[in-house]
1. Have a look at Lys172, Lys184, Lys153 and point out the one that is over 19 Å from Arg209 (Cβ atoms) and assigned to a strand (DSSP E or B).
2. For Leu67, indicate whether it is at negative phi and touching a helix residue (DSSP H, G or I) at 6+ places or on another chain (Cβ under 8 Å).
3. Hey, any hits in segment 155-175 for a residue that's modelled with pLDDT of 95 or more and acidic (Asp, Glu)?
4. Within segment 55-108, work out how many residues are touching a residue at least 24 places away in the same chain (Cβ under 8 Å), in a helix (DSSP H, G or I) and of a type outside the set (Ser, Thr, Tyr).
5. Condition check: part of a loop (DSSP other than H, G, I, E, B) and either in contact with a Leu (Cβ under 9 Å, 6 or more places away or on another chain) or without any contact (Cβ under 8 Å) to a residue 40 or more places away in the chain (or both). Does Ile48 satisfy that?
6. Name the one entry in Leu96, Leu60, Leu75 that is in contact with a Ser or Thr (Cβ under 9 Å, 6 or more places away or on another chain) and farther than 18 Å from Ser140 by Cβ.
7. Pick from segment 187-229 the residues that are crowded, with 18+ Cβ neighbours inside 10 Å, assigned to a loop (DSSP other than H, G, I, E, B) and of a type in the set (A, V, I, L, M): which of them is modelled with the lowest pLDDT?
8. Looking at Val265, Val240, which is the one that is surrounded by 14 or more Cβ atoms within 10 Å (Cβ to Cβ), in a helix (DSSP H, G or I) and either at pLDDT below 95 or among the β-branched types (Val, Ile, Thr) (or both)?
Amino acid sequence: MHYIAAIDIGSNAIRLAIARVQGTQLQISYRSREPVRLGSNVFSDGVIHAEIYDDLCYALQNFQNQLDNHKVHSLRAVATSAMREASNSQQVVQDLIRDTGIHVEIISGEEEARLVALAIEQKLDLSRGHYLLIDIGGGSIELVAIKDGQILKKQSFVIGMVRVLELAKTKKEDLKEWLPSFVKTEVQSFLSDLPSMEYAVGTGGSMDRFIKLKGFVSNHHGEYLTDKEMQSLQEKLLAVPYKERILKFCLKPDRADVIIPAAIVTNEILQLAKCSQIYFPQVGLKDGVLYDLVSKDNI
């Protein structure tokens, strides 16, 4: 038995997952999340500022304590959209090695999409039917179209939810007025030549929260929402101001703002792809990294 670990340095938060491995079987033994919003600096100024670096470093030092406690055999730490775009990202990577001992790998949007798809495959049988995988992050959205287990197309779009909130500061209209058409312009070419997608699969922090809020719009069992239920959930979220939203829906402060654009974006993609249901397997990039570690290390 060994322990492996994955660290996901996203644009809205940083996550750690540690898993116990027996053969090729994984069992998550520890999870942690730190609300370090790298994207707030990067998407406005193009750099990771010193105070945000300090928060990032502190979070990784805390993670390192857990890695040591579990005597982790293999670790992969990956960073996504915000680190991809920060002009000082390579210096940050070097400083993190010095200050935390953790080597951070900045991955492409395509690699991010592959790892998320790998995680989903562990929870859902994608071998038959047409599926549109939608991974919504703070800095980017990854779309993967799958037919009978084969990837038809995958693409990363720089329209993550922290980025959208930064862009919203320059707009006079409300999000619901301009964001749907913005999303349509970005993703329509990806969807235009695909066969009809039967189901959508949603991953990411906001997607995980949608299914936890299912009771507000539905009584049926199952880890999915219909397109109409998803639209109803959006309306309920929009109807409540930010501070009340935290209390009513039990949201973390750094989730209560990004969940609004996430709902709008999800509904627009569902409409464009003509998906009548969206499933929420509640896995993400860090889970894909763990399964990838198992397959490569053959632990």
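1. Step by step, each of Lys172, Lys184, Lys153 is checked, and only Lys153 is over 19 Å from Arg209 (Cβ atoms) and assigned to a strand (DSSP E or B).
2. No: the conditions fail for Leu67.
3. No, there is no match, as no residue in segment 155-175 is modelled with pLDDT of 95 or more and acidic (Asp, Glu).
4. Counting residues in segment 55-108 that are touching a residue at least 24 places away in the same chain (Cβ under 8 Å), in a helix (DSSP H, G or I) and of a type outside the set (Ser, Thr, Tyr) gives 18.
5. When the stated conditions are applied, Ile48 passes them.
6. Leu60
7. So, considering only residues that are crowded, with 18+ Cβ neighbours inside 10 Å, assigned to a loop (DSSP other than H, G, I, E, B) and of a type in the set (A, V, I, L, M), the one modelled with the lowest pLDDT is Met197.
8. None of the others qualify; the one that does is Val265.
The values are calculated or read from the model by the stated rules, or taken from the named source; none is laboratory data. Computed from a predicted structure; not experimentally measured. When we count neighbours, we look across all protein chains shown, and the Cβ atoms used for this are built from the backbone with ideal geometry, even at glycine.
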